[in-house]
Amino acid sequence: MIEIEHLTRRYGTQLAVSDVTFSCPAGTVTGFLGPNGAGKSTTLRTLCGLAAPTSGSATIGGRQYRELPNPGRHVGVLLDAGAQHAGRTGGEVLTLTAKVLGVPRTRVGEMLQLVGLDGGAAGKRVGKYSLGMRQRLGLATALLGDPEVLVLDEPANGLDPEGIYWMRGLLRGFADRGGTVLLSSHLLREVEAVADRLAVIAGGRLVASGSKEELLAAAGTVVRARERVALEQALAAAGIRYDAAEDGALLAGDEPEPVGIAAARAGVPLLELRPASGAGLEELFRSLTHAGGPADAAPTTPTAQEARA
Amino acid sequence: MTTTTEPARSSALDAPAPSLATLVGVELRKSRDTRAGFWLLLTIGALALAVPALVLFFGEPPEKTFAEYVGAAQLAVALLLPVLGILLVTSEWSQRTALTTFALVPQRSRVLVAKLVAAALLAVLGVVATLVAGALTAALTPVLTDDPTSWSIDAEQVLQTLLVQVLNVLIGVAFGLLLLSSPLAIVTYFALPTAFTVLVTTVGALDWVRDWLDLTTTTGPMYEGRLDGQGWVQVATSAALWLLLPLVAGWIRVHRTEIT
């Protein structure tokens, strides 16, 4: 279990992370969402003892990371898949880590097989690896010590669609067996597909956290009618906020039931009425990060999402 | 590809920390398991063999002794082994492996102590290699030339050579810690002491600086085992400037810096 309490990290006059509080219970996958530069990596580095908090605390199982005698046996960490010596082979990278962790050498082969780097890939130098292969090697390193907690920074970067699907299954299985997963991403769809809980950060501040269902419910309902103006009047009459959504639909700020009732009272036939799951999260993400301050300068563009999702 | 791992469990919470011996072993392995490290070690070994061989073929008969061969071979170790010491530290930053290293061992001083011990062991290995190279050359001298050889060597020469080579490598590590950048540390390691030597040996008024703070001057006699008396104090004062100062400053820097 991970607990981050009132975590603040200041660089000179700039607040990279400001009073961030959230927790990741065992048995769940927590998605740590935010645009680039929002403070995700700084938070994760502080959690793993690589940066000191200015104030507040980050603990794993009630203890600070630096207090764990052999942290790799407890917490699997992947903060940057690119941070590997280009002149070392993948197998050697894992062998070095296995020695520090004190796990048997056989574990290296098992992990290489698990992430699909067994055979020729293990003997190749990391400099020849694609980013996707480095992510797999990073995951193998994180899993080598058989930890109960995984902390992963943008683990889906560089993975192909099959690799992303595989990683989701791996993380889901890890959490279902009682493990705790905290993974960051600026890609909404990646996180939405695997996370039980979300923590959204923007401009160094936590703007939302909770279970995915709670946050999605708060995101409202997608509703569509042939007569859009009539629907807008019906919603306004019922006192329900709304915004324009994709394809002429409306995103109403309430549960589907009151939205449906409002339309029925006004006699407006509906073509669509559903919780704003996928689109809702995206709207939520956009609106929250926009409200969060300067960090909204780097929103996730649809093209970038499609290229990576 | 499968999607199963062993079930998560909590018994590993207090898995023992890696021993210092383990960390030293890992650092020694890191020094040779990369392409750059491997070739650097091989080059040092080849030079340690080549320099005595040059003396064997082109030197004058009085130089063709075991002790002289060993002395000549020190050049290779003194020149290149400190670079290995520098890379032991700076490659963690230039290749960004520090992220993994310090995530696995958050007590940064333990990693740094392991690096210093590993570097010192490499220096000992380097001197052993020069002894082997010297012995090999001495054994071949009567075979390949008409000149006689001598197997006598002063224990003091071996001991002081060992000490000065360990000192050289540790200075490399200290420069690496201070600068955390391979090119910067290597250039500074070679340029700064050399410029200092040139300055204090040409400016007459700086004679006392040369005698007390210039490493080239103070450690020079050690390669022949001739250091004694006040010489030891002068080695200590110059080592304080070139080893202790950058080591302490670098140590503090590494502890304060955020690993990214």
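Counting the residues of region A:69-92 that are facing chain B (nearest Cβ under 8 Å) and either under 28 Å from the mean Cα position of the chain (by Cα) or more than 22 Å from A:Arg125 (Cα to Cα) (or both) gives 14. Restricting the first member to region B:14-29 and to residues that are closer than 15 Å to A:Val103 by Cβ, and the second to residues that are part of a helix (DSSP H, G or I), the beta-carbon pairs closer than 6 Å and six or more apart or on different chains are B:Ala15/A:Arg73; B:Pro18/A:Val100; B:Val26/A:Leu96; B:Val26/A:Lys99; B:Val26/A:Val100. Among the residues here, B:Thr149 does not qualify as in a helix (DSSP H, G or I) and either in contact with a Pro (Cβ under 6 Å, 6 or more places away or on another chain) or touching a residue at least 12 places away in the same chain (Cβ under 8 Å) (or both).
Screening B:Leu99 on (1) at pLDDT 95 or above; (2) away from every other protein chain (no Cβ under 13 Å) shows it passes everything except condition (2).
For every residue, the table says whether it meets (1) aromatic (Phe, Trp, Tyr); (2) in contact with an Asp or Glu (Cβ under 8 Å, 6 or more places away or on another chain); (3) more than 9 Å from every other protein chain (Cβ to nearest Cβ); (4) under 12 Å from B:Gly45 (Cα atoms).
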| site | (1), (2), (3), (4) |
| --- | --- |
| B:Val77 | no, no, yes, yes |
| B:Gly85 | no, no, yes, no |
| B:Thr90 | no, no, yes, no |
| B:Trp93 | yes, no, yes, no |
| B:Ala103 | no, no, no, no |
| B:Ser109 | no, no, yes, no |
| B:Leu112 | no, no, yes, no |
| B:Ala120 | no, no, yes, no |
| B:Leu125 | no, no, yes, yes |
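Here region A:167-211 is the region considered, the condition is being of a type in the set (Lys, Arg) and in contact (Cβ under 8 Å) with a residue 40 or more places away in the chain, and the residue that is farthest from A:Met1 (Cα to Cα) is A:Arg189. The one condition from (1) out of contact with any strand residue (DSSP E or B) (no Cβ under 8 Å at 6 or more places or on another chain); (2) modelled with pLDDT of 95 or more; (3) surrounded by fewer than 24 Cβ atoms within 10 Å (Cβ to Cβ) that A:Thr13 does not meet is (2).
Residues that are touching a residue at least 24 places away in the same chain (Cβ under 8 Å), within 12 Å of chain B (Cβ to nearest Cβ) and β-branched (Val, Ile, Thr): does region A:153-165 have at least one? No, the conditions are met nowhere in region A:153-165.
Run down B:Val166, B:Val187 and say which single residue is of a type in the set (Val, Ile, Thr), surrounded by 18 or more Cβ atoms within 10 Å (Cβ to Cβ) and away from chain A (no Cβ under 14 Å).
Working: B:Val187 fails: surrounded by 18 or more Cβ atoms within 10 Å (Cβ to Cβ).
Sole residue among the options that is of a type in the set (Val, Ile, Thr), surrounded by 18 or more Cβ atoms within 10 Å (Cβ to Cβ) and away from chain A (no Cβ under 14 Å): B:Val166.
Residue check: is B:Ala103 touching a strand residue (DSSP E or B) at 6+ places or on another chain (Cβ under 6 Å), under 23 Å from A:Tyr65 (Cα atoms) and not charged (D, E, K, R)?
yes
The values are calculated or read from the model by the stated rules, or taken from the named source; none is laboratory data. Keep in mind that this is a model prediction, so the values were computed, not measured. As a convention, Cβ positions derive from the backbone with ideal geometry for all residues, glycine included, and neighbour counts pool all protein chains shown.
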